[in-house]
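Report on one structure; see the data block that follows.
The values are calculated or read from the model by the stated rules, or taken from the named source; none is laboratory data. Since this is a predicted model, take the numbers as computed values, not measurements. Positions of Cβ are backbone-derived with ideal geometry, glycine not excepted, and every protein chain shown enters the neighbour counts.
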Amino acid sequence: MEIILDFTVKENTVQDFKKVLLPDVDIDILEAKTLEETKEKISIELSANGRKKIFTLKNYTDKMVDQKTVMLKAGMLLLFDKVYPWGALVGVRPTKLIRRYLVMGYSYEEIDEILDKLYFVFPEKRKLLLDVVKKENQYLNAKGINMYVGIPYCPTRCKYCSFASYEINSKLGNFYNEFVDTLIEEIKLTGEILKNKNSKIESLYFGGGTPSILTEKDLVRVIEALYENIDLTHLKEFTFEAGREDTLNKEKLEILKRLGVDRLSLNPQTFNENILKNLNRHFDKKHFDEMFQEIKKLGFVVNMDFIIGLPGETVEDILRTFEEVKKYPIDNLTIHFLAVKNGSNLIKDKYKITEIENQKIEEKIKEVIEEKNMKPYYLYRQKNSMNWGENVGYSIEGKESIFNIEMIEENQSTVGLGGGAISKKVEYIDETRVSIERYINPKDPYMYICEMKDRMKQKEEFFSSL
Ligand code: SF4
C-alpha cells in the first residue's frame, strides 16, 4: 500500500494497522490531507479505492502528539465501513494506553471521549477498560519488584499449549532431578546478586508448566531455598499454579500452605472431560472436587482459569461449564479466549479457529461474576484469538492478584528463575516512557541445566542497575 499524506506519520505503524484490522481489503494508494487544523478541531480527508471520507475531531494535540496518526488509522475503518468492539485499538495491553493518557493529564471522562470519538471503541469495552485501570491504580507500585519461578514440566502436553512445558515422561523428563538441583543453585546465586540491592520483592509466582508437578520433597527443597537465600520479608502475596488436578494431593497442598503460599490457581479450562481428553489433558472431576475441598479447608485464595473456544466445544457446553463454576466459592476467575499460537500442536495440526456465537457466553459470564460479586481487575488481548476477544481476570474486592496486574502493566522489574522464565528490567525514562529489557532463561531443561552457570554471570550484569 502506498501512502500519500500532507502530514508526517510513522508509516510502518499504518501498514501494520492495515494488515491487522483490514486484512481483506486491497489498497493500492491511501491518501489523506488536512482540510482544517485549528486550536479547536482537526479535519482530515481520507481516500482510497474510489472511496472518500472526512474525519473531523476535537484538537487534542496540546497533550497528544500523534492524534493525526491515530485519525489516519481509525479513519481507514470509517472509509471501509469496518466496525469492531475494540475499534482501532490493536495493542495487547490497551490499559497501558489509558494509563499514559492519565499521566498526560486527561481525566477518565476525557479518555472515555477519546476512546469513543477517536478510537471508536464500543461503550461496554470502554467501561471495562476504564474500570480495570481504576482498579489497577489501587495496586501498582513501580518501586517494588516481583519474582517468577518457572517449572517447565507437565503430566502431558495440551494441544493448545505454547508455554515452556515438556512432558514429565518424555526424554527431557529424565532431567527432572538435575533441573530441580540447578534451580536451587540458581536461587542461591540469585540471592548473591540481589544481596545489598534495595529492591523489595512484593510478589512471588510459581508458573510453568505445572509447578505442582514437583514432588513433595522438591516442593520443600525449592521453596525453602527461596526463603534461605532471597529476602522475602516484603512479600505481599505468594501464588502457586496448581493447574492440573492430576498433580495434586493433600500432602502437597499442606506443604504449600505451611511454606507460605497463599494463592492457588486451578485451571480446569472447561468442565467438559471429553473435550479435555481430546486436547491430551487428563481431568478427573471427582478428584478435582476433593482437592478443591482441601484447598478451601486450608484457606487459600483460589483462582480458576477457563478457555472459551476449545476445539469441539459448543456454546451449550461452555454455558454448562459456567453454570458449574457458580457452585465453587472462588476468589478469582480468569477467562481466556483460545488463541492458536506458534509452538502449539494445534498450529501443527493446522487448526483454524471457528467463531462461535458470543452473546450468550458474554451474558453468562456477566451472570456468574455478578453472582460472585466479582469485578474485572486486569485484562489483555491476544492476536490470533477467537472473536478478537480479550482475556479478563475478575476478582472479589480485595483479592486481586498484584502479580498479574504488575505483569500485564509491565510496571515492575521481574526476577525470573527456572525454565523459560523471563526476567525484565523496567526503567522509567520519564513519566510516560518506559524502557524494558528482557533476559530469557532457556525453556529446554537440558539447556537450562548446561547454561546456568554462564547465564548467571550475564544476569549479574543484567541486574546490576536494579
Ligand atoms: S497444563 Fe498448561 S503448561 Fe501444561 S501443557 Fe497444558 S497448557 Fe501447557
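No other residue among 100, 157 is within 16 Å of the ligand (Cβ to nearest atom) and under 23 Å from the mean Cα position of the chain (by Cα) apart from 157. For the range 407-466, taking the residues that are without any contact (Cβ under 8 Å) to a residue 40 or more places away in the chain and of a type in the set (A, V, I, L, M), the one that is farthest from residue 171 (Cα to Cα) is identified as 429. Out of 306, 283, one residue alone is more than 22 Å from the chain's Cα centre (by Cα) and of a type in the set (Phe, Trp, Tyr). It is 283. The single condition from (1) buried (at least 17 other Cβ atoms within 10 Å of the Cβ); (2) more than 23 Å from the chain's Cα centre (by Cα); (3) part of a helix (DSSP H, G or I) that residue 321 fails is (2).
For the range 98-112, filtered to residues that are charged (D, E, K, R) and surrounded by 15 or more Cβ atoms within 10 Å (Cβ to Cβ), the residue that is nearest to residue 392 (Cα to Cα) is 99.
Among the residues of the range 258-286, those that are of a type outside the set (A, V, I, L, M) and closer than 17 Å to residue 330 by Cα comprise 262, 263, 265, 267, 268, 269, 270, 271, 285. Across the range 230-247, the number of residues qualifying as touching a Gly at 6+ places or on another chain (Cβ under 8 Å) and in a strand (DSSP E or B) comes to 2.
Of the strands (runs of 3 or more DSSP E) lying entirely inside the range 1-66, the ones with 2 or more residues being under 12 Å from residue 79 (Cα atoms), in the same structural domain as residue 77 (by TED's automatic domain parsing) and modelled with pLDDT of 95 or more are found at 29-37, 41-48, 51-58. Candidates 254, 241: the one that is acidic (Asp, Glu) and more than 18 Å from residue 283 (Cβ to Cβ) is 254. Within the range 161-198, restricting attention to residues that are in contact with an Asp or Glu (Cβ under 9 Å, 6 or more places away or on another chain) and hydroxyl-bearing (Ser, Thr, Tyr), the residue that is nearest to the ligand (Cβ to nearest atom) is 166.
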